[in-house]
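One structure is given below, encoded as structure tokens.
The values are calculated or read from the model by the stated rules, or taken from the named source; none is laboratory data. Bear in mind the structure is a predicted one, so any value in this text is a computation, not a measurement. No Cβ is skipped: glycine too gets one built from the backbone with ideal geometry, and neighbour counts run over all protein chains shown. All accessible areas refer to the heavy atoms of the entire protein, side chains included, with ligands and DNA or RNA removed. Shrake-Rupley method; radii C 1.70, N 1.55, O 1.52, S 1.80 Å.
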Amino acid sequence: MVDILSTNPFFGLFLIFFFYLLGTMLHKRWPNPLFTPLVFSIICIILLLLLLNIPYENFNEGGRFVNMWITPATVALAIKLEKNFDYLKKYYGAILSGIALGVVFHTIILVIMSILFRFDSELVATLFPKSVTTAIALGVSESLGGIVSLTVAIVVFTGVLGTIVGPPIFALFNITDPVAQGVALGSGSHAMGTAKAIELGDVQAAMSGLSIIITGIIIVILAPFLMGFLSTFF
């Protein structure tokens, strides 16, 4: 019965909407990071598929209809950016330098780890695009010879982690500026971080959406140079 039901495209769609809405209700009542709708729905769906032994392919029959809207939804964030364009004009130096420094810092850490732990080129290509949105990460990983399926898992993990730890870090270090919050979430945890930024406010959402685009562009430009540099160590 479950096997027959799971092959229906509406099965995947039902799971996505059900657990997301349930997570929203729980998060409103108990604002625990684990009840963040995006995080909660991912965990619940994975556990359910494993418990009922449902193939991912069956779930994705419906999930792919949601997935295809990720890119248009990301582009639609430009609407919020247009409404908060004054922030970009006022703080463009800090915004661009913050995003660039974040990518550079991420790249330096990966280079150090690659040399210390002797990562091969395939693993480096898999890990490098972990902080950009899935559509860009897949293209970068594939073009560099990475393991695309593992890149997807790492991108999702990075997004979930940023969504969970982002707000507590803001509170711990008293980071209250909406521009700083948005740039941190967008450049560090891509679309999932942007979902959290939308909850925090329009300015955070606009800056996060902008950060996704700029981070992706920098990663695409840096990727071949990084692989060329590390090729001497492989």
Check: Which whole-number value in Å² is the accessible area per residue of the chain, probe 1.4 Å?
Finding: 56
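First measure r as the distance between the Cβ atoms of Cys44 and Ile79, then evaluate 1/(1 + (r/R0)^6) with R0 = 35 Å and state the FRET efficiency to the nearest 0.05.
Numbers: r = 30 Å, r/R0 = 0.87.
The computed FRET efficiency comes out at 0.70.
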Notebook entry, point to check: Under a plain spin-label model, where a point goes 7 Å from the Cα along Cα-to-Cβ, how far apart in nm are Phe225 and Ile115?
Noted result: 1.7
Notebook entry, point to check: At q = 0.11, 0.16, 0.23 Å⁻¹, what log₁₀ I(q)/I(0) does a Debye calculation on the Cα points of the range 76-175 give, no solvent, two decimals?
Noted result: -0.45, -0.90, -1.24
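Once the piece of chain linking Arg64 and Val148 is laid out straight, how much longer is it, given 0.36 nm per residue of separation minus the C-alpha distance between them? Could the numbers behind the result be given before it?
Details: separation 84, 0.36 × 84 = 30.24 nm, distance 1.70 nm.
Length gained, Arg64 through Val148: 28.5 nm.
What's the FRET efficiency of Asn8 with Asn174 using the Cβ-Cβ distance as r and R₀ = 45 Å, to the nearest 0.05?
Working: r = 49 Å, r/R0 = 1.10.
With a Förster radius of 45 Å, E is 0.35.
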Check: What figure in square angstrom, to the nearest 10, would you give for the accessible area of Glu142 with a 1.4 Å probe?
Finding: 130
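Can you give the local net charge around Met192? Use residues other than it whose beta-carbon is closer than 13 angstrom to its beta-carbon, Lys and Arg +1, Asp and Glu -1. The partial results should precede the final answer.
On the way: positive: Lys130, Lys196; negative: Glu199.
Around Met192, the surrounding residues sum to +1.
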Next item on the list: Mind putting a number on the dipole of the range 73-200 about its Cα centre? Charges go on the C-beta only, +1 for Lys and Arg and -1 for Asp and Glu, and I need it in Debye to the nearest 20.
Entry: 220
Item checked: Tally of Lys pairs whose C-alpha atoms are under 20 Å apart, taken over the chain, 8 or more apart or cross-chain -> 6
Item checked: 3J(HN,Hα) from dihedral phi, the range 100-106, Karplus parametrisation 6.51/-1.76/1.60, rounded to Hz, x for glycine, proline -> 4, 5, x, 5, 5, 4, 4
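Restricting to DSSP H runs of at least four residues, report the calculated mean residue ellipticity at 222 nm for the chain, -39500 (n - 2.57) per run over all residues, nearest 500 deg cm²/dmol.
Calculated mean residue ellipticity at 222 nm is -27500 deg cm²/dmol.
Got a sec? What order do Phe11, Phe117 fall in by accessible area at 1.4 Å, biggest, i.e. largest, first? Provide the component values of the computation, followed by the final result.
Details: Phe11 25, Phe117 135 Å².
Putting Phe11, Phe117 in descending order of accessible area: Phe117, Phe11.
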Next item on the list: May I ask you to compute the full-extension gain from Asp86 to Leu26, defined as 0.36 nm times their residue separation minus their alpha-carbon distance, rounded to one decimal in nm?
Entry: 18.1 nm
Check: With Rg and the Kirkwood Rh both taken from Cα atoms, where does Rg over Rh land for the range 115-234?
Finding: 1.03
